[in-house]
Amino acid sequence: MTPLTTPSVPAPAPSPARARRPLRAATPAVAATRRAAVGSVHSWDLSTGVDGPGTRFVPFLSGCPLTCLYCHNPDTWRMRGGKRSTAEEIVAEAGKYTRFITAAGGGATVSGGEPLLQPVFTGELLHRLKHELGLHTALDTSRFLGTRATDALLRDTDLVLLDIKSWDRAIHRKVTGRPLEPTLDFAHRLAGLGKEVHVRFVLVPGITDAPVNIEGVAAFAAGLGNVSRVDVLPFHKLGEAKWQALGMPFTLHDTPSPTAGQTARARDVFAAHGLHAV
């Protein structure tokens, strides 16, 4: 990721109580009104193959209501850890690469953190990236804050990258600190709109890899009717150094990555439901 700001010392770790405190619902004014498009942005990057189709410009917004045990970017959890930036500044940066991105069949993906923690800013980014630069747009979200996504924001979104952390409710709360139901509700809303979705599922040995858990996610995704791809993502520990730098214990330190065979078997479950799993 290309940092917009480089703090001289790591940001202090969020306390578990603060990280898991319930969020207040968005007010109608926030949902209905386009305000001055200023947000907190951690960094941006150009990526290929992991944030949607083709080569993509990806701004990573700061702030996230989840505290996933395997998060590889815990430095994006706190809103104040980012740089205050305008939508105009971010779109201008993306504009430098538009010709290259378009030639590579890509687009732009607003990611995080959790973009819907900043719904007005996210909506303005998607609108301008789509209509001013003509880019294919994607929203990368856990969907926990799906109620904050206005119809206008979703109209400016060509693809939604939907993380389903677990089908087992207890495991989902253990992994994320939050309930699963808001994610499922938003998934149903997207299906009703006919919005294209890519489901992403992280395979963590000993936690999310139980056959019944994978089967539950697969059956749900297949039943939506708008899921064009499933990414089964093998758990890795590439972000462990960030946890250490923030003074946060990485509790999955001794958890192994899944083998190629384990990953292939998980993909086979999704494929058996008629889904394109990679």
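The values are calculated or read from the model by the stated rules, or taken from the named source; none is laboratory data. As the structure is a computational prediction, the values presented were derived from the model and not from experiment. For neighbour counting, all protein chains shown are included, and Cβ atoms are generated from backbone atoms with ideal geometry for every residue, glycine included.
Filtering the stretch 206-224 to residues that are in contact with a strand residue (DSSP E or B) (Cβ under 7 Å, 6 or more places away or on another chain) and either under 21 Å from Ala260 (Cα atoms) or of a type in the set (Val, Ile, Thr) (or both) leaves Thr208, Asp209, Val217.
Within the stretch 95-108, no residue that is in contact (Cβ under 8 Å) with a residue 24 or more places away in the chain and at negative phi sits with its Cβ atom under 7 Å from a residue that is exposed (fewer than 11 other Cβ atoms within 10 Å of the Cβ) and outside any loop (DSSP other than H, G, I, E, B) at 6+ positions apart or across chains. Restricting attention to the stretch 238-278 and to residues that are without any contact (Cβ under 8 Å) to a residue 60 or more places away in the chain and of a type in the set (D, E, K, R), the residue that is nearest to His198 (Cα to Cα) turns out to be Arg267. The listed residues are Arg128, Arg143, and the only one of them that is crowded, with 22+ Cβ neighbours inside 10 Å and closer than 16 Å to Thr183 by Cβ turns out to be Arg143. The residues on offer are Phe186, Phe201, Phe220, and the sole one that is under 18 Å from Ala138 (Cβ atoms) and modelled with pLDDT of 95 or more is Phe201.
With the condition kept exactly as written, say whether any residue in the stretch 42-51 is in a loop (DSSP other than H, G, I, E, B), buried (at least 16 other Cβ atoms within 10 Å of the Cβ) and at pLDDT 85 or above. Yes: the stretch 42-51 contains one or more residues that are in a loop (DSSP other than H, G, I, E, B), buried (at least 16 other Cβ atoms within 10 Å of the Cβ) and at pLDDT 85 or above.
Could you name every one of the helices (runs of 4 or more DSSP H) located completely within the stretch 123-194 that has at least 2 residues being under 28 Å from Thr102 (Cα atoms) and of a type in the set (D, E, K, R)?
Because the criterion is at least 2 residues that are under 28 Å from Thr102 (Cα atoms) and of a type in the set (D, E, K, R), the helices (runs of 4 or more DSSP H) in the stretch 123-194 that meet it are 151-155.
Is at least one residue of the stretch 221-240 out of contact with any Phe, Trp or Tyr (no Cβ under 6 Å at 6 or more places or on another chain) and β-branched (Val, Ile, Thr)?
Residues of the stretch 221-240 out of contact with any Phe, Trp or Tyr (no Cβ under 6 Å at 6 or more places or on another chain): 221-229, 231, 233-234, 236-239.
Okay, now just the ones that are also β-branched (Val, Ile, Thr), so 227.
Among the residues of the stretch 221-240, at least one is out of contact with any Phe, Trp or Tyr (no Cβ under 6 Å at 6 or more places or on another chain) and β-branched (Val, Ile, Thr), which makes the answer yes.
Pairs linking a residue in the stretch 154-176 that is closer than 20 Å to Pro65 by Cβ to a residue that is among the basic types (Lys, Arg) and assigned to a strand (DSSP E or B), with Cβ atoms under 8 Å and 6 or more positions apart or on different chains, are Leu161/Arg200; Leu162/Arg200; Asp163/Arg200; Ile164/Arg200.
Among residues of the stretch 93-126 being over 13 Å from the mean Cα position of the chain (by Cα) and among the acidic types (Asp, Glu), the one that is nearest to His198 (Cα to Cα) is Glu124. Of the residues making up the stretch 241-273, those that are buried (at least 16 other Cβ atoms within 10 Å of the Cβ), more than 23 Å from Gly49 (Cα to Cα) and of a type outside the set (A, V, I, L, M) number 5.
Quick one: would you say Ala149 is buried (at least 16 other Cβ atoms within 10 Å of the Cβ), over 23 Å from Asp254 (Cα atoms) and in contact with a helix residue (DSSP H, G or I) (Cβ under 8 Å, 6 or more places away or on another chain)? Taking the combined requirement at face value, the residue satisfies it. Among the numbered conditions (1) assigned to a loop (DSSP other than H, G, I, E, B); (2) touching a Phe, Trp or Tyr at 6+ places or on another chain (Cβ under 7 Å), the only one that Trp243 does not meet is (1). Across the stretch 246-264, which residue is nearest to Pro234 (Cα to Cα) among those that are in a loop (DSSP other than H, G, I, E, B) and polar (S, T, N, Q)? Restricting to residues being in a loop (DSSP other than H, G, I, E, B) and polar (S, T, N, Q), the top hit is Ser257. Consider the stretch 63-98 and keep the residues that are hydroxyl-bearing (Ser, Thr, Tyr) and part of a loop (DSSP other than H, G, I, E, B). The one that is nearest to Leu180 (Cα to Cα) is Thr67.
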